[in-house]
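Right, one structure below, let's go through it.
The values are calculated or read from the model by the stated rules, or taken from the named source; none is laboratory data. Remember, it's a predicted structure, so these values are computed and weren't measured experimentally. In this analysis, Cβ positions are derived from the backbone assuming ideal geometry, glycine residues included, and neighbour counts consider all displayed protein chains. Each accessible area value is taken on the protein alone, full model and side chains, heavy atoms only, with ligands, DNA and RNA left out. Shrake-Rupley method; radii C 1.70, N 1.55, O 1.52, S 1.80 Å.
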Amino acid sequence: MRHIATFCGSCNCGCPELYVDDTAAPEKRIVITDDFGQRIQMSADQFSDLVASARDGVLDQVVPA
């Protein structure tokens, strides 16, 4: 898997990370791992929708400014 980003990174807790798995089926190519050893797999289109929603402020209610 190709590492794209680490979220947090200021501790040694196994921060969430974003990967692209170029060998996976297209619907499972984007991989997000958490600090509990779990992972979410989605297509690039699904991830694009997630990013667009975040840019549009949909997630602002979850995370205080």
Volume per residue that the Cα convex hull of the chain spans, once the total is divided by residue count, Å³: 101
Spacing of the two label points (7 Å from each Cα toward its C-beta) at Met42 and Thr23, in nm: 2.5
Accessible carbon and sulfur surface of the chain relative to its total accessible area, %, 1.4 Å: 54
Whole-number accessible area per residue in Å² for the chain, which is evaluated in the context of all protein chains at 1.4 Å: 76
Environment charge at Arg2 (Cβ cut-off 9 Å; Lys +1, Arg +1, Asp -1, Glu -1): -2
Hz values of 3J(HN,Hα) by residue in the range 44-59 - Karplus curve (6.51, -1.76, 1.60), Gly and Pro given as x: 4, 5, 5, 5, 4, 4, 4, 5, 4, 5, 5, 4, 7, x, 4, 8
Mean separation of Cα contacts under 8 Å, 6 or more apart, over the residue count of the chain: relative contact order %: 20
Spin-label pair Ser10/Arg55, simplified geometry with 7 Å Cα→Cβ offset, distance in nm: 2.6
Protection-proxy order for peptides 51-63, 26-38, each taking the mean of Cβ atoms within 10 Å per residue, highest first: 26-38, 51-63
